[in-house]
Amino acid sequence: MNRKILAIGLLTALAAIVYAQSPKSVTVTGYLIDNACAESAKDLGPRAKGHSKSCALMDSCEKSGYSVVTDDNTRYKLTEKGDGMAAELLKNSKTERGVRVTAEGNYNGSELDVTKLTEVTVKGE
């Protein structure tokens with residue numbers, strides 16, 4: 001009887017661990033910033049909001065990849081596929097500073113695997 005309870009407990013714990021590590025479908029809105037600038041920023045939120053498109057498209061910045069920084073300063077690093085989508089969006093954007101986007105995809109706790117990335121207009125701009 002004790003072995004059955006122990007086995008059930010271990011299986012439940014294992015299922016909880018697997019569930020916690022599985023990617024979650026998310027939609028986030030925030031500002032695009034390249035990872036090189038994000039990692040050197042002292043105050044990420046204002047840095048992302050005012051980040052220039054020209055900086056984000058510099059070779060070294062583009063190669064570092066991209067992140068979306070939300071209004072509460074949560075940073076979602078994009079996967080390689082998302083980096084390509086972000087670079088393409090930046091190249092086609094008419095916004096020169098603070099490119100705001102909505103990203104949909106699966107978040108695994110460290111990277112956002114983007115399935116859709118769209119620019120959003122900021123009211124008052």
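Counting only residues that are more than 9 Å from the chain's Cα centre (by Cα) and either of a type in the set (S, T, N, Q) or more than 15 Å from Cys37 (Cα to Cα) (or both), how many does the range 71-85 have?
Adding up the residues that qualify gives 7.
For residues in the range 114-125 being among the hydroxyl-bearing types (Ser, Thr, Tyr) and not in a loop (DSSP other than H, G, I, E, B), which is farthest from Tyr31 (Cα to Cα)?
Step one: list which residues in the range 114-125 are among the hydroxyl-bearing types (Ser, Thr, Tyr), which gives 115, 118, 121.
Retained after the next criterion (residues that are not in a loop (DSSP other than H, G, I, E, B)): 115, 118.
Details: Thr115: 17, Thr118: 11 Å.
Per the stated criteria, the residue is Thr115.
What helices (runs of 4 or more DSSP H), lying completely within the range 1-113, carry at least 3 residues that are in contact with a strand residue (DSSP E or B) (Cβ under 9 Å, 6 or more places away or on another chain), at pLDDT 95 or above and surrounded by 12 or more Cβ atoms within 10 Å (Cβ to Cβ)? Please lay out each step first, then the result.
On the way: elements: 2-21, 35-40, 44-49, 53-56, 59-64, 80-92.
Per the criteria, 53-56, 59-64, 80-92.
Conditions (1) in contact (Cβ under 8 Å) with a residue 40 or more places away in the chain; (2) of a type outside the set (A, V, I, L, M, F, W, C), marked per residue:
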| position | (1), (2) |
| --- | --- |
| Ser52 | yes, yes |
| Cys55 | no, no |
| Ser60 | no, yes |
| Asn73 | no, yes |
| Glu80 | no, yes |
| Ala86 | yes, no |
| Lys91 | no, yes |
| Val101 | yes, no |
| Thr118 | no, yes |
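The values are calculated or read from the model by the stated rules, or taken from the named source; none is laboratory data. This one's a predicted model, so the numbers in the text were calculated from it and none came from an experiment. Here Cβ is always computed from backbone atoms with ideal geometry, including for glycine, and neighbour counts include all displayed protein chains.
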